[in-house]
Structures are given as C-alpha cells and as structure tokens.
Number of protein chains: 2
Amino acid sequence: MELTRHRCEVECIHPEHITPLLGKVVTGREADDLAGIFELLADPTRARLLHALSLSDELCVCDLALLLGRSESALSHQLRLLRDRRVVSRRKAGRVVYYRLADKHIRHVLADGLRHAREVAPRSERQAS
Amino acid sequence: MELTRHRCEVECIHPEHITPLLGKVVTGREADDLAGIFELLADPTRARLLHALSLSDELCVCDLALLLGRSESALSHQLRLLRDRRVVSRRKAGRVVYYRLADKHIRHVLADGLRHAREVAPRSERQAS
DNA sequence: TTAACATCTGAATGATGGTGCAGATATGGA
DNA sequence: TCCATATCTGCACCATCATTCAGATGTTAA
C-alpha cells in the first residue's frame with residue numbers, strides 16, 4: 001500500500017504509527033466475516049431470539065413467537081438467515097421444528113455483549129452520567 | 001404475558017419450556033442496548049476502524065483514512081457515531097484529532113468475534129464443508 | 001490578515017434489511 | 001381422501017444506513 005500518495009505529509013501522517021499495523025488490521029474477506037458475525041446480533045429480534053435459545057435447550061418456532069411477541073413469519077425469516085449462517089440448527093418432529101444454537105461461539109459473544117450492555121447500561125440517551 | 005391467547009395448544013406450545021424463560025430473555029430497552037453494541041461492529045469499515053484502534057494506542061483521522069483506504073469524510077461520519085456511543089474518545093492536538101478506544105469492553109467483544117471469525121472462517125460461501 | 005489544511009457537517013443517493021401479507025409446503029388425524 | 005396446522009417462502013413496502021459531495025469550521029504558519 002502506498003503511503004505517499006496522499007496529501008498530508010508534514011503533520012498528519014505518522015508512518016511510525018501505521019506501518020506496524022499494515023499487515024495486522026483485518027481486511028477484505030476477513031473483515032466481512034467479522035462484521036457478518038456481529039450483524040447477526042445487531043437486530044433486537046435476533047438478539048432476543050438467540051438469547052432465548054442460549055437460555056434454553058431447544059425451542060420451536062411457535063414457542064419463540066409467543067415468547068418474543070413476534071409473528072411466526074418474521075421469526076421464520078430470521079431463523080432462515082441464522083440457519084444459512086450456521087448459527088442455529090433445526091430438528092424436525094412431525095409438524096414442529098425445534099431450533100437450537102449450533103455454535104457455542106455465538107453464546108460467548110452474546111454473553112459478553114450482554115454483560116457489557118448491562119454494565120454500561122444507558123448508552124447515549126443520557127449525557128455522560 | 002398471556003400464554004393462552006394463541007392457537008397452537010396441543011403440540012406446539014410447551015409451557016414447561018417457555019414459562020421458566022419468561023423473565024429471563026432480554027426485552028425492550030435492554031434488547032435494544034444489546035443489539036446496539038453489536039450494530040457498532042456490524043459494518044466492515046467500523047469493525048476495521050475499531051480493530052486498528054485496538055491494535056494501536058491512538059490514531060488520527062488521516063492515518064485511519066490511509067490505513068483503511070476510506071475517505072476522511074466517511075471515517076469522520078463513523079467516528080462521530082462511535083463517539084456518540086462513547087466507544088471512542090478523541091484528543092485534539094492542533095489541527096489533528098487523535099482517536100482511541102474509550103471502552104475496554106469493545107476490545108473484548110471485538111477480540112472474541114475475531115477469534116470466532118478466524119475459527120469458523122468460511123461462513124456461508126461454501127456449502128457445509 | 002491570507003493561505004493551506006485536518007476535520008467536521010448536512011443533504012442527497014443508492015443499497016440493504018426487517019416485517020407483513022398471501023400463498024405454498026409438509027405433516028398428522030379422521 | 002380431506003381438513004387443520006406448523007412452518008416456510010416470494011414479493012412488496014418502508015425504514016435505516018454507509019458513502020459521496022460540497023461546503024463549513026477551526027487551526028497553524030507566513
């Protein structure tokens with residue numbers, strides 16, 4: 001990567017700051033994968049869905065819909081997304097489909113985020129408390 | 001919360017599954033806060049930006065722009081969002097503004113997610129390998 | 001002061017994403 | 001077979017959001 005093609009040369013650019021980072025910062029595909037993981041948790045419905053699954057063993061769509069107060073259609077859409085990303089797996093028992101977390105990783109990230117959310121609590125509603 | 005207002009009563013509803021979860025699953029404001037944390041990491045540019053800051057001590061906008069290959073305007077918008085959410089803090093030194101992570105929490109979540117991203121690697125591009 | 005420059009900001013745009021709706025699929029019971 | 005039901009799917013709508021562009025703000029040096 002070129003370091004000299006830009007304008008700021010005197011004050012701004014700090015080669016000693018950025019050169020050691022050149023190969024370390026995530027890029028391209030890896031950055032997309034990283035952001036992709038968080039995308040799955042960045043929606044309240046999905047976050048609650050995954051949280052419910054992390055607290056339980058397995059739950060059917062109808063249970064989830066009732067528990068979260070969302071339509072079964074909405075949850076089905078979200079569950080399909082989560083299934084495509086291999087975050088949840090499903091078990092069919094007759095007409096009922098049970099979902100469970102397929103990935104222990106998400107449980108960790110979710111627990112981490114939840115702990116932080118409860119610690120830092122009021123994000124930007126109130127001024128710096 | 002009503003458990004009987006819905007239709008499925010024979011097979012689907014499992015009161016023994018959902019009643020113990022009724023008070024435990026995150027709801028409302030807390031769910032929004034939880035999802036809000038992950039929203040900040042759900043964009044490749046922000047994820048890389050925060051990753052760069054987590055590897056370094058502090059970086060100015062110009063350094064970040066060069067390092068990430070994004071316009072300074074785009075980064076400034078993102079940095080404002082991150083500053084509003086109290087995830088980064090800034091230090092002004094003349095014309096140059098240096099940003100750093102304000103929150104050790106994000107560093108944890110980011111490291112966790114990155115570890116998982118590198119472990120699980122190819123998300124849904126390839127069929128189940 | 002004027003010029004150069006690092007950063008910020010508002011508006012506009014193009015893309016993405018969550019959900020409702022209606023209909024389809026699949027399973028179990030009569 | 002026919003009906004009820006649990007889940008899935010395609011389409012459409014609306015909201016959100018990341019980025020660009022142009023201009024504004026604030027700072028340093030001459």
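The values are calculated or read from the model by the stated rules, or taken from the named source; none is laboratory data. Just so we're clear, the structure is a prediction, and the values are computed from it rather than from any experiment. Glycine gets a Cβ as well: all are built from the backbone with ideal geometry, and neighbour counts include every protein chain shown.
Any idea which residue in segment B:73-87 is farthest from residue B:61 (Cα to Cα), counting only those that are more than 10 Å from DNA strand C (Cβ to nearest atom) and buried (at least 16 other Cβ atoms within 10 Å of the Cβ)?
Of the residues in segment B:73-87, the ones more than 10 Å from DNA strand C (Cβ to nearest atom) are B:82, B:85-87.
Filter again for buried (at least 16 other Cβ atoms within 10 Å of the Cβ), leaving B:82, B:85, B:87.
Numbers: B:82: 13, B:85: 18, B:87: 16 Å.
Ranking the qualifying residues of segment B:73-87, first place goes to B:85.
Pick from segment A:13-43 the residues that are more than 10 Å from DNA strand C (Cβ to nearest atom) and among the acidic types (Asp, Glu): which of them is surrounded by the most Cβ atoms within 10 Å (Cβ to Cβ)?
Taking the candidates together, the pick is A:33.
Within the set of pairs 6+ apart or on separate chains, which have a first residue in segment B:103-117 that is without any contact (Cβ under 8 Å) to a residue 12 or more places away in the chain, a second that is surrounded by 20 or more Cβ atoms within 10 Å (Cβ to Cβ), and C-beta atoms under 7 Å apart?
Close Cβ pairs satisfying both conditions: B:112/A:109; B:116/A:37; B:116/A:109; B:117/A:33; B:117/A:34; B:117/A:37.
Can you confirm whether segment A:40-49 contains a residue that is at pLDDT 95 or above, at the interface with chain B (Cβ under 9 Å from one of its Cβ atoms) and within 20 Å of residue B:54 (Cβ to Cβ)?
yes
Which condition from (1) within 18 Å of residue A:22 (Cβ to Cβ); (2) among the hydroxyl-bearing types (Ser, Thr, Tyr); (3) touching a strand residue (DSSP E or B) at 6+ places or on another chain (Cβ under 7 Å) is the one that residue B:45 breaks?
Among (1) within 18 Å of residue A:22 (Cβ to Cβ); (2) among the hydroxyl-bearing types (Ser, Thr, Tyr); (3) touching a strand residue (DSSP E or B) at 6+ places or on another chain (Cβ under 7 Å), residue B:45 violates only (3).
Would you mind listing the helices (runs of 4 or more DSSP H) fully within segment A:11-129 where at least 2 residues are more than 16 Å from the chain's Cα centre (by Cα), within 15 Å of DNA strand D (Cβ to nearest atom) and under 20 Å from residue B:119 (Cα atoms)?
Of the helices (runs of 4 or more DSSP H) lying wholly inside segment A:11-129, none has at least 2 residues that are more than 16 Å from the chain's Cα centre (by Cα), within 15 Å of DNA strand D (Cβ to nearest atom) and under 20 Å from residue B:119 (Cα atoms).
Go through segment B:84-105 and count every residue that is within 8 Å of chain A (Cβ to nearest Cβ) and either of a type outside the set (Lys, Arg) or over 21 Å from residue B:67 (Cα atoms) (or both).
Qualifying residue count for the region: 7.
Within segment A:89-118, how many residues are in contact with a helix residue (DSSP H, G or I) (Cβ under 7 Å, 6 or more places away or on another chain), more than 21 Å from residue A:75 (Cα to Cα) and surrounded by fewer than 19 Cβ atoms within 10 Å (Cβ to Cβ)?
Of the residues in segment A:89-118, 3 are in contact with a helix residue (DSSP H, G or I) (Cβ under 7 Å, 6 or more places away or on another chain), more than 21 Å from residue A:75 (Cα to Cα) and surrounded by fewer than 19 Cβ atoms within 10 Å (Cβ to Cβ).
Residue pairs, Cβ under 7 Å, 6 or more apart or interchain, first in segment B:44-69 and under 20 Å from residue A:32 (Cβ atoms), second buried (at least 21 other Cβ atoms within 10 Å of the Cβ) and of a type in the set (Lys, Arg). List them.
Final answer for the pair search is B:68/B:48.
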